[in-house]
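A.B. asks: Quick one: the structure is below, and I'll ask about it shortly.
The values are calculated or read from the model by the stated rules, or taken from the named source; none is laboratory data. The shown structure was predicted, so the numbers you read here are calculated from the model rather than taken from an experiment. Cβ atoms come from the backbone with ideal geometry, glycine included; neighbour counts cover every protein chain shown.
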């Protein structure tokens, strides 16, 4: 089975209204290569691939397959030309079986349109065996782990004889081990002749598998790079200026423990224990990073602390006072600063001005309000000070917050939360969808808050971020605490923990303090600071 | 009860109620709730007090055969008091078993709920009939009449299935039934041909649906609002035309020739089953065919797979080259045609003329049947039968004269609807994208 195909994008331009998402992009994907499109979130990579896959029509430019110009009116045409795509958000029907999902759109049928899924099952088994996927054709997709769902997506493309496979941010939802498995699969696919377009902003993975790297910045190709190039060089190409990838933070100076969580359990509306018996402490002047694959109870944990969850039991104490059962407002008044995971939904009001967003939780108190009247002059003054302090790139203080870039929106949220004296600072996904340059800045601010003696809790699904910021790392799996380990714990150990395997079962020493692994019992935090 | 709606009803695999492999039962899977055991116990006690202890010591008689059957079965005669006690004890036994299962952290199986409902209905029937002035009804007539009353409901809920499975909420079933009824009457009257009237009814239903489809799919207007507006519009237009046109010349515009009852020889004389399956009008036979065709179509064919994909995850369907909005448009249109045929039942089979609001809110009951039937054609069929049964029961019971005031009996079909949808279905899960317009990109 020899499958080769040369793919070329020539001068692709895509406009959405006045926004130029892709600006004359040229990319050549040689047969049998892993070609990486490297760029930050919002650089235009996904738009480009959606154009290639026929989901968007290009405003200008052409697509060439084996040097012949083609035009795709829809994904059907792209698939017929041998292009398959695995979307960042899986395009699988959760209540269908694997076979039904794979068959959809190109269903083998018997007479009168009756489905013939036998044929599909056979093909799934064939591909599954060839690449060691271990996928059951009759399993319901919603019952499968994310990593397996991704393989179903790959099978979907292969069944349609894809010669070029586009993988859009495929590792965003995977544990480190699953990521390594995916990289292996990519190498196998390449060996069997399938070209791969690998879209990512994660330098480590890109360097590991790519044959060629095309760097995209603000909708333009800024150059190609050699996978062997140093990480810092790739990062600065991606961002457009030199960035320091390593945060130099001083070792933590933990003081007394002022934030205590005991046996915290949150029950979801469907009756599931989404947070299950969590106990941990955070000391003043340290950062506890909560790691875990998305959807393992992180959202509910932060919401429970803030008072946004209804069915909560256990205890959450800050400075000796119980927070559980108090209103959100009372919790904020107790000195909790909170950066929510989705700034567009919970962090900002997009149609409000930057200045208004900067006082969303302070608007009713002096100096911004007196009685029932607000003081716009004070609010504007405050805005100017914060914008300067946090280097928010905005046309003006009265511009609508929704028009800012992701990084600048996040700076607005962070500036607001850090602008009052805090007794606890919680930041959920503090740098998701934020450009590398802003990440650096936001990380420094978080560390600065720690150094002022505030207990800090960071929730992140990005392992790099966790390892960079954490003084201690708590890993969540299915709502339970797998363990709390010191900073500097290896990526492998953390990866296994993210899959639910506590460090003492890993079969090799972690090389760290022995007490690290026992933190799941409430009184074991005793000496596990490094 | 399972909450899966994707798998077809017959031969449906029980979704994993056993905790998945590892972990304790408390965290993995859906926890077993107290709701079913508590509900069953409450209803069991109600049965014991009312249908058992308070039952009159009179014999209730249920006729099984009709005069046309080729062999006669004797009528079933039971003492209301004794039967009430026996049945309510059985009901409490089932409830106790459900409680026992819950204490073992196991859910009540489907057969338990179903047998409970059947026994409860039987106890209720015996109690009502036993307390009547003439304690005798024809069971065959009760069931056959239920099917007759259910026909428009079944068509209505099939229409709902077709629309919701593809992601459009069809609140306009009532309008489609009414439009079908009106058009069937006027066209059949003018052509003096009921078959042309039937066809015209389908077209009328489809036209109402196309308006719904156009506004909700192309112009992204809220589907509920379009549906409600359509119901009001059809009601107003047919009412106006009825008063101005039909009333003025009844002979020409409102005396449709009916569709005759077609009896299939021999088979139609089987007791009970005969009249239900083999003594129907063309619309009645079409109903059985439609239920089977929609079921087979949805779960066994390429068309059905695509329809369900569009209703569950339209973006996934789009990325596989399926035209989401065209699929939605034509399915909603088809759904309207099905409801239109159901509407023709009012004027071509049940009554031989059109009157204002002849559908009488049955479109909404059909909507309830659709949800009670869990978006499954066969489920919807049985749900519609249940509502038809309640409807028929209240009229028969009023005739034979029961101690229960007739106003209360008139509430029965609606009470059953509310209990069925709110109490028994629980949190059932419809197609994920139902009611959400699809916008590319």
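A.B. asks: Looking at the range A:134-146 only, could you name the residues that are surrounded by fewer than 18 Cβ atoms within 10 Å (Cβ to Cβ) and away from every other protein chain (no Cβ under 14 Å)? Even if it seems obvious, please write down each step before you answer.
C.D. replies: Taking the range A:134-146 first, the residues surrounded by fewer than 18 Cβ atoms within 10 Å (Cβ to Cβ) are A:134, A:136, A:138-139, A:142-143, A:145-146.
The answer is A:134, A:146.
A.B. asks: Kindly indicate the residue of the range A:77-115 that is assigned to a helix (DSSP H, G or I) and surrounded by 18 or more Cβ atoms within 10 Å (Cβ to Cβ) and also farthest from the other protein chains (Cβ to nearest Cβ) among those meeting that condition. Working first, answer last.
C.D. replies: If we filter the range A:77-115 for residues that are assigned to a helix (DSSP H, G or I), which is where we start, we get A:77-80, A:98-103, A:111-113.
If we keep only those that are surrounded by 18 or more Cβ atoms within 10 Å (Cβ to Cβ) as well, we get A:78-79, A:98-103.
Values: A:78: 9, A:79: 6, A:98: 13, A:99: 10, A:100: 6, A:101: 8, A:102: 10, A:103: 7 Å.
Filtering the range A:77-115 for residues that are assigned to a helix (DSSP H, G or I) and surrounded by 18 or more Cβ atoms within 10 Å (Cβ to Cβ), the one farthest from the other protein chains (Cβ to nearest Cβ) comes out as A:98.
A.B. asks: Further question on the same structure: Kindly list the number of the only condition in (1) within 21 Å of residue A:15 (Cβ to Cβ); (2) assigned to a loop (DSSP other than H, G, I, E, B); (3) in contact with a helix residue (DSSP H, G or I) (Cβ under 6 Å, 6 or more places away or on another chain) that fails for residue A:57.
C.D. replies: Of (1) within 21 Å of residue A:15 (Cβ to Cβ); (2) assigned to a loop (DSSP other than H, G, I, E, B); (3) in contact with a helix residue (DSSP H, G or I) (Cβ under 6 Å, 6 or more places away or on another chain), only one is false for residue A:57: (3).
A.B. asks: Tell me, yes or no, whether the range A:248-260 has at least one residue that is modelled with pLDDT of 90 or more and closer than 19 Å to residue A:434 by Cα.
C.D. replies: Scanning the range A:248-260 turns up no residue that is modelled with pLDDT of 90 or more and closer than 19 Å to residue A:434 by Cα.
A.B. asks: Now a separate question. Given the options B:4, B:30, B:12, name the one that is surrounded by 13 or more Cβ atoms within 10 Å (Cβ to Cβ), modelled with pLDDT of 50 or more and out of contact with any helix residue (DSSP H, G or I) (no Cβ under 6 Å at 6 or more places or on another chain). Please lay out each step first, then the result.
C.D. replies: Details: B:4 fails: modelled with pLDDT of 50 or more; B:12 fails: modelled with pLDDT of 50 or more.
Selected residue: B:30, the only one of B:4, B:30, B:12 that is surrounded by 13 or more Cβ atoms within 10 Å (Cβ to Cβ), modelled with pLDDT of 50 or more and out of contact with any helix residue (DSSP H, G or I) (no Cβ under 6 Å at 6 or more places or on another chain).
A.B. asks: Do we have residue A:410 as touching a residue at least 40 places away in the same chain (Cβ under 8 Å), buried (at least 22 other Cβ atoms within 10 Å of the Cβ) and at positive phi here? Even if it seems obvious, please write down each step before you answer.
C.D. replies: Values: touching a residue at least 40 places away in the same chain (Cβ under 8 Å): yes; buried (at least 22 other Cβ atoms within 10 Å of the Cβ): yes; at positive phi: no.
When the stated conditions are applied, residue A:410 does not pass them.
A.B. asks: Please enumerate the residues belonging to the range B:298-308 that are within 7 Å of another protein chain (Cβ to nearest Cβ) and under 23 Å from the mean Cα position of the chain (by Cα).
C.D. replies: B:300
A.B. asks: Let me ask something else. Would you mention how many residues in the range A:481-499 are buried (at least 19 other Cβ atoms within 10 Å of the Cβ) and either within 14 Å of another protein chain (Cβ to nearest Cβ) or part of a helix (DSSP H, G or I) (or both)?
C.D. replies: Just the residues of the range A:481-499 that are buried (at least 19 other Cβ atoms within 10 Å of the Cβ), to begin with: A:481-485, A:487, A:489, A:493-498.
Imposing the further condition that a residue be either within 14 Å of another protein chain (Cβ to nearest Cβ) or part of a helix (DSSP H, G or I) (or both) reduces the set to A:481-482, A:493-498.
Residues in the range A:481-499 being buried (at least 19 other Cβ atoms within 10 Å of the Cβ) and either within 14 Å of another protein chain (Cβ to nearest Cβ) or part of a helix (DSSP H, G or I) (or both): 8 in total.
A.B. asks: Hey, among B:311, B:342, B:335, which residue is in contact (Cβ under 8 Å) with a residue 24 or more places away in the chain, closer than 15 Å to residue B:370 by Cβ, surrounded by 24 or more Cβ atoms within 10 Å (Cβ to Cβ) and within 14 Å of another protein chain (Cβ to nearest Cβ)? Write out each step before concluding.
C.D. replies: Values: B:342 fails: within 14 Å of another protein chain (Cβ to nearest Cβ); B:335 fails: within 14 Å of another protein chain (Cβ to nearest Cβ).
Residue meeting the stated conditions: B:311.
A.B. asks: Something else: Inside the range A:32-56, can you point out the residues that are at pLDDT 90 or above and more than 27 Å from the chain's Cα centre (by Cα)?
C.D. replies: Within the range A:32-56, none qualify.
A.B. asks: Go through the range A:265-285 and count every residue that is more than 14 Å from chain B (Cβ to nearest Cβ) and either within 18 Å of residue A:340 (Cα to Cα) or buried (at least 24 other Cβ atoms within 10 Å of the Cβ) (or both).
C.D. replies: So the first thing to find is which residues in the range A:265-285 are more than 14 Å from chain B (Cβ to nearest Cβ), and the list is A:279-285.
Imposing the further condition that a residue be either within 18 Å of residue A:340 (Cα to Cα) or buried (at least 24 other Cβ atoms within 10 Å of the Cβ) (or both) reduces the set to A:282.
Qualifying residue count, the range A:265-285: 1.
A.B. asks: Exactly one condition in (1) closer than 30 Å to residue A:393 by Cα; (2) surrounded by fewer than 21 Cβ atoms within 10 Å (Cβ to Cβ); (3) modelled with pLDDT of 90 or more is false for residue A:440; which is it?
C.D. replies: Among (1) closer than 30 Å to residue A:393 by Cα; (2) surrounded by fewer than 21 Cβ atoms within 10 Å (Cβ to Cβ); (3) modelled with pLDDT of 90 or more, residue A:440 violates only (3).
A.B. asks: With respect to residue A:184, is the statement that it is surrounded by fewer than 22 Cβ atoms within 10 Å (Cβ to Cβ), within 14 Å of chain B (Cβ to nearest Cβ) and either over 29 Å from the mean Cα position of the chain (by Cα) or not in a loop (DSSP other than H, G, I, E, B) (or both) true? I'd like the intermediate steps shown before the answer.
C.D. replies: On the way: surrounded by fewer than 22 Cβ atoms within 10 Å (Cβ to Cβ): yes; within 14 Å of chain B (Cβ to nearest Cβ): no; either over 29 Å from the mean Cα position of the chain (by Cα) or not in a loop (DSSP other than H, G, I, E, B) (or both): yes.
No, not satisfied.
A.B. asks: If you take the residues in the range A:131-152 that are assigned to a helix (DSSP H, G or I) and without any contact (Cβ under 8 Å) to a residue 24 or more places away in the chain, which one is farthest from the chain's Cα centre (by Cα)? Please lay out each step first, then the result.
C.D. replies: Step one: list which residues in the range A:131-152 are assigned to a helix (DSSP H, G or I), which gives A:131, A:141-143, A:146-152.
Those still in the list that are without any contact (Cβ under 8 Å) to a residue 24 or more places away in the chain too: A:143, A:148.
Values: A:143: 22, A:148: 18 Å.
Filtering the range A:131-152 for residues that are assigned to a helix (DSSP H, G or I) and without any contact (Cβ under 8 Å) to a residue 24 or more places away in the chain, the one farthest from the chain's Cα centre (by Cα) comes out as A:143.
A.B. asks: Tally the residues that are in contact with a helix residue (DSSP H, G or I) (Cβ under 8 Å, 6 or more places away or on another chain) and surrounded by fewer than 23 Cβ atoms within 10 Å (Cβ to Cβ), restricting the search to the range A:159-168.
C.D. replies: First pass over the range A:159-168, keeping only residues in contact with a helix residue (DSSP H, G or I) (Cβ under 8 Å, 6 or more places away or on another chain): A:159-160, A:162, A:165-168.
Imposing the further condition that a residue be surrounded by fewer than 23 Cβ atoms within 10 Å (Cβ to Cβ) reduces the set to A:159-160, A:168.
Of the residues in that region, 3 qualify.
A.B. asks: Something else: Condition check: crowded, with 21+ Cβ neighbours inside 10 Å, within 26 Å of the chain's Cα centre (by Cα) and more than 8 Å from chain B (Cβ to nearest Cβ). Does residue A:20 satisfy that?
C.D. replies: Values: crowded, with 21+ Cβ neighbours inside 10 Å: no; within 26 Å of the chain's Cα centre (by Cα): yes; more than 8 Å from chain B (Cβ to nearest Cβ): yes.
Criteria not met by residue A:20.
A.B. asks: Turning to a different aspect of this structure: Can you find even one residue in the range A:118-127 that is facing chain B (nearest Cβ under 10 Å) and farther than 22 Å from residue B:323 by Cβ? Break it down stepwise before answering.
C.D. replies: Taking the range A:118-127 first, the residues facing chain B (nearest Cβ under 10 Å) are none.
So far as the range A:118-127 goes, no, none of its residues is facing chain B (nearest Cβ under 10 Å) and farther than 22 Å from residue B:323 by Cβ.
A.B. asks: What helices (runs of 4 or more DSSP H), lying completely within the range B:337-437, carry at least 2 residues that are over 21 Å from residue B:117 (Cβ atoms) and at pLDDT 85 or above?
C.D. replies: It comes to B:362-372.
Conditions tested, residue by residue: (1) under 27 Å from residue B:287 (Cα atoms); (2) part of a loop (DSSP other than H, G, I, E, B); (3) without any contact (Cβ under 8 Å) to a residue 60 or more places away in the chain.
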| position | (1), (2), (3) |
| --- | --- |
| B:66 | yes, yes, no |
| B:81 | no, no, yes |
| B:94 | no, no, yes |
| B:116 | no, no, no |
| B:124 | no, no, no |
| B:140 | yes, no, no |
| B:144 | yes, no, no |
| B:148 | yes, no, no |
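A.B. asks: Just checking, does the range B:320-331 include any residue being away from chain A (no Cβ under 14 Å), buried (at least 23 other Cβ atoms within 10 Å of the Cβ), in contact with a helix residue (DSSP H, G or I) (Cβ under 7 Å, 6 or more places away or on another chain) and modelled with pLDDT of 95 or more? Let's see the steps before the verdict.
C.D. replies: Of all residues in the range B:320-331, those away from chain A (no Cβ under 14 Å) come to B:328-331.
Still in the list and also buried (at least 23 other Cβ atoms within 10 Å of the Cβ): B:328, B:331.
From what is left, the residues that are in contact with a helix residue (DSSP H, G or I) (Cβ under 7 Å, 6 or more places away or on another chain) are B:328, B:331.
Filter once more, so that each one left must be modelled with pLDDT of 95 or more: B:328, B:331.
There is at least one residue in the range B:320-331 that is away from chain A (no Cβ under 14 Å), buried (at least 23 other Cβ atoms within 10 Å of the Cβ), in contact with a helix residue (DSSP H, G or I) (Cβ under 7 Å, 6 or more places away or on another chain) and modelled with pLDDT of 95 or more.
A.B. asks: Here is a check on your reading of the model: is residue B:274 buried (at least 21 other Cβ atoms within 10 Å of the Cβ), in a helix (DSSP H, G or I) and more than 11 Å from chain A (Cβ to nearest Cβ)? Spell out the reasoning first.
C.D. replies: Values: buried (at least 21 other Cβ atoms within 10 Å of the Cβ): yes; in a helix (DSSP H, G or I): yes; more than 11 Å from chain A (Cβ to nearest Cβ): yes.
Against the criterion (buried (at least 21 other Cβ atoms within 10 Å of the Cβ), in a helix (DSSP H, G or I) and more than 11 Å from chain A (Cβ to nearest Cβ)), residue B:274 qualifies.
A.B. asks: Quick one: in the range A:64-76, which of the residues that are assigned to a loop (DSSP other than H, G, I, E, B) and within 14 Å of another protein chain (Cβ to nearest Cβ) is surrounded by the most Cβ atoms within 10 Å (Cβ to Cβ)?
C.D. replies: A:72
A.B. asks: Can you tell me how many residues within the range B:49-64 are closer than 20 Å to residue B:404 by Cβ, in contact with a strand residue (DSSP E or B) (Cβ under 8 Å, 6 or more places away or on another chain) and in a loop (DSSP other than H, G, I, E, B)?
C.D. replies: Here is the first cut: in the range B:49-64, the residues closer than 20 Å to residue B:404 by Cβ are B:49-62.
Remaining after also requiring in contact with a strand residue (DSSP E or B) (Cβ under 8 Å, 6 or more places away or on another chain): B:57-62.
Filter once more, so that each one left must be in a loop (DSSP other than H, G, I, E, B): B:57-58.
Matching residues across the range B:49-64 total 2.
A.B. asks: Kindly evaluate residue A:164 against the criterion of being in contact with a strand residue (DSSP E or B) (Cβ under 8 Å, 6 or more places away or on another chain) and without any contact (Cβ under 8 Å) to a residue 24 or more places away in the chain. Break it down into steps so the answer makes sense when it comes.
C.D. replies: Numbers: in contact with a strand residue (DSSP E or B) (Cβ under 8 Å, 6 or more places away or on another chain): yes; without any contact (Cβ under 8 Å) to a residue 24 or more places away in the chain: no.
Against the criterion (in contact with a strand residue (DSSP E or B) (Cβ under 8 Å, 6 or more places away or on another chain) and without any contact (Cβ under 8 Å) to a residue 24 or more places away in the chain), residue A:164 does not qualify.
A.B. asks: Okay, next question. So which of A:53, A:131 is within 30 Å of residue A:213 (Cβ to Cβ) and away from chain B (no Cβ under 14 Å)? Give the steps one after another, and end with the answer.
C.D. replies: Values: A:53 fails: away from chain B (no Cβ under 14 Å).
Checking each option against the conditions leaves just A:131.
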